[in-house]
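As structure tokens, the structure follows; a few thoughts come after it.
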């Protein structure tokens, strides 16, 4: 296998990992604050639609991105209302949000564009286009480093770099700020946070809102960066893979980066089954690659390879003692 | 003291939740520029207007009874089995193997064997998540979600590979042998001289679903195991203290749940398609969640909710043919029902509880007030 093929696969890995990474970090904030979120899929989907739709109408992808984040925040608000204010079952709320997104996106797309549940394809400024990092042209001809810099590191959309920057930012916010300490505490022992005079409800709503923003960016990337327009159910289970990655990384930001890149790599390989056959000399079923993230997650959850322990107060609504 | 009379909990709250879901659905229909009243009439007529439409409504109902019961049984043990879809599709694999690879003299024997096969396959697919929950503490919701995808990948592999007949391009098994074709409503009612639409897919498995409702009722409220399941669902420490083995309850209730979900494929695989196709369940496993929530996990409630959702699915399909409203409207209604009856339950319950308390307090001073209350 030559360098170019390897670079192609790695490039695809980066592109496919980014939505997983953003959604995984979104889930990380929510679950670290004690709010389980299986509605990541729905929030991504609704943002993918809204950002593509608004970008198609206004011609500006940035307005589209904002609209997508807004739509994702609306669903996050519903989830917060159900699981924080009314102390409902967070898992059931997540299931409802996924169905709501799946239905509403097609309904709105059909009503606005009459193209069978899709948006018009996006062009020019209505999409996030690939950007070149500085000195690409000068470095392009340097052997090995040149192509790696030009093809793998440079030449992605701005959202890819935003997503990568979110990893250290998340780490910093969670482990080096007062907000992060409180957020983690709310997920482990909300009563202690309450005793310290910090609003549990406020902290949890803040976490759910951050989750909404990040999954909004993830959805916008799908329809305006990775592809040029929205199609029905285009998230295709990515929200659930992100959930799997979150467990795989045991709710830690740097490990989330690694887990999502591993799962993205598996997706990239599934697109090129010929390569595996060439390297391993056996035919690997594409379906096995599809199922591998889920199988790995079940193995991790089972605690056979290190134990994944979720935040202690996860899934439990907080009731103040009267 | 009960905060509310029982009828309010069982009837009033679901009805109000349903009304709220209906009102928002009507607003959605208005927002996309259609008339909600007209849409409702088209849906009611589409679901119940003719024998043919009833045939489809009852066909969907059968699916939803099985998956609704599956979720309900798990709910009684306070577990959320979100893997009904995976279990149902693997149950379909059981039906397909029984029908294709074994020679059957008569459909009744084939149906019996397919029922056992689908239940076994569905239960087996629920076994690993159940065992991991009981023994390793892995969250059942996450593992069953993962198993939905693993099941889909497995079926995808089998249907484009080993199970596909030679020369076929479509990812599906071959048609089942003629002898395994089970009677539909046209055949059954025809024996009594009642005419029924020939093309509608409702079939004999509807009666198996009804029987399953009675069986689940008897299991949960009339057997020792059912008592243990309910006790475990109410309080795990109390159940442990009473000598109930948590591992056994988790595994057994999930096996029953998986078996019920698997038996759904008697209806859609054996009764309708007569072969196994990709995505044969069409999301029915997830509708089971809405059905169980609305039916308050009681078999009779599940039956009513399944009938309602069956009508909703058939009505929604007709609606999308006759108007510009896409069939995905049904998904929105389904989401709203899950949201209001499940997650936002307290939003309806809290004000109602306050109302009932206030109503009770008013006449209280006239007779002798009891200080304990």
*Wholly within region A:140-248, which helices (runs of 4 or more DSSP H) include no fewer than the required count, namely at least 1 residues that are crowded, with 17+ Cβ neighbours inside 10 Å and within 14 Å of another protein chain (Cβ to nearest Cβ)?*
A:200-221, A:238-248
*Would a scan of region A:68-78 turn up a residue that is in contact (Cβ under 8 Å) with a residue 40 or more places away in the chain, in a helix (DSSP H, G or I), crowded, with 24+ Cβ neighbours inside 10 Å and within 14 Å of chain B (Cβ to nearest Cβ)?*
yes
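Out of curiosity, is residue A:9 touching a strand residue (DSSP E or B) at 6+ places or on another chain (Cβ under 8 Å), outside any loop (DSSP other than H, G, I, E, B) and surrounded by fewer than 24 Cβ atoms within 10 Å (Cβ to Cβ)?
Details: touching a strand residue (DSSP E or B) at 6+ places or on another chain (Cβ under 8 Å): no; outside any loop (DSSP other than H, G, I, E, B): yes; surrounded by fewer than 24 Cβ atoms within 10 Å (Cβ to Cβ): yes.
Answer is no for this residue.
For region B:100-115, state whether one or more residues are more than 12 Å from chain A (Cβ to nearest Cβ), under 19 Å from the mean Cα position of the chain (by Cα) and either in a helix (DSSP H, G or I) or under 15 Å from residue B:268 (Cβ atoms) (or both). Talk me through it step by step, then tell me what you get.
Initial filter on region B:100-115 (more than 12 Å from chain A (Cβ to nearest Cβ)): B:100-115.
Filter once more, so that each one left must be under 19 Å from the mean Cα position of the chain (by Cα): B:115.
Next cut, either in a helix (DSSP H, G or I) or under 15 Å from residue B:268 (Cβ atoms) (or both) only: B:115.
Yes, the conditions are met somewhere in region B:100-115.
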_For region A:54-66, check the following and say yes or no: at least one residue is part of a helix (DSSP H, G or I), more than 20 Å from residue A:317 (Cα to Cα), within 7 Å of chain B (Cβ to nearest Cβ) and under 18 Å from the mean Cα position of the chain (by Cα)._
no
*Among A:125, A:218, A:163, A:209, which is in contact with a helix residue (DSSP H, G or I) (Cβ under 8 Å, 6 or more places away or on another chain) and farther than 20 Å from residue A:256 by Cβ?*
A:125
*Here is a list of conditions, (1) outside any loop (DSSP other than H, G, I, E, B); (2) crowded, with 24+ Cβ neighbours inside 10 Å, and residue B:281 meets all of them except one; can you say which number that is?*
(1)
*Could you list all residues from region A:269-296 that are away from chain B (no Cβ under 14 Å), within 20 Å of residue A:17 (Cβ to Cβ) and assigned to a helix (DSSP H, G or I)?*
A:269, A:271, A:275, A:276
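Looking at the structure I just gave you, is residue B:90 within 14 Å of chain A (Cβ to nearest Cβ), surrounded by 21 or more Cβ atoms within 10 Å (Cβ to Cβ), in a loop (DSSP other than H, G, I, E, B) and out of contact with any strand residue (DSSP E or B) (no Cβ under 9 Å at 6 or more places or on another chain)? First the steps, then the outcome.
Numbers: within 14 Å of chain A (Cβ to nearest Cβ): yes; surrounded by 21 or more Cβ atoms within 10 Å (Cβ to Cβ): yes; in a loop (DSSP other than H, G, I, E, B): no; out of contact with any strand residue (DSSP E or B) (no Cβ under 9 Å at 6 or more places or on another chain): yes.
Here the answer is no, as residue B:90 does not meet what is asked.
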_Given (1) farther than 25 Å from residue A:88 by Cα; (2) over 14 Å from the mean Cα position of the chain (by Cα); (3) touching a residue at least 60 places away in the same chain (Cβ under 8 Å); (4) crowded, with 17+ Cβ neighbours inside 10 Å, index of the condition residue B:310 fails_ = (2)
_So residue B:152 passes all but one of these: (1) under 19 Å from residue B:54 (Cα atoms); (2) within 14 Å of chain A (Cβ to nearest Cβ). Which condition number does it fail?_
(1)
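Would you confirm whether any residue within region B:168-176 is part of a helix (DSSP H, G or I) and without any contact (Cβ under 8 Å) to a residue 40 or more places away in the chain?
Pass one, region B:168-176, residues part of a helix (DSSP H, G or I): none.
The answer is no; no qualifying residue exists.
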_Residue in region A:297-317 that is surrounded by the fewest Cβ atoms within 10 Å (Cβ to Cβ), counting only those that are facing chain B (nearest Cβ under 7 Å) and part of a helix (DSSP H, G or I)_ = A:302
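Any read-out appearing in this document is the output of simple, stated calculations on the displayed coordinates, not a laboratory observation. The model shown is predicted, which means the values in this text are computed figures rather than measured ones. In this analysis, Cβ positions are derived from the backbone assuming ideal geometry, glycine residues included, and neighbour counts consider all displayed protein chains.
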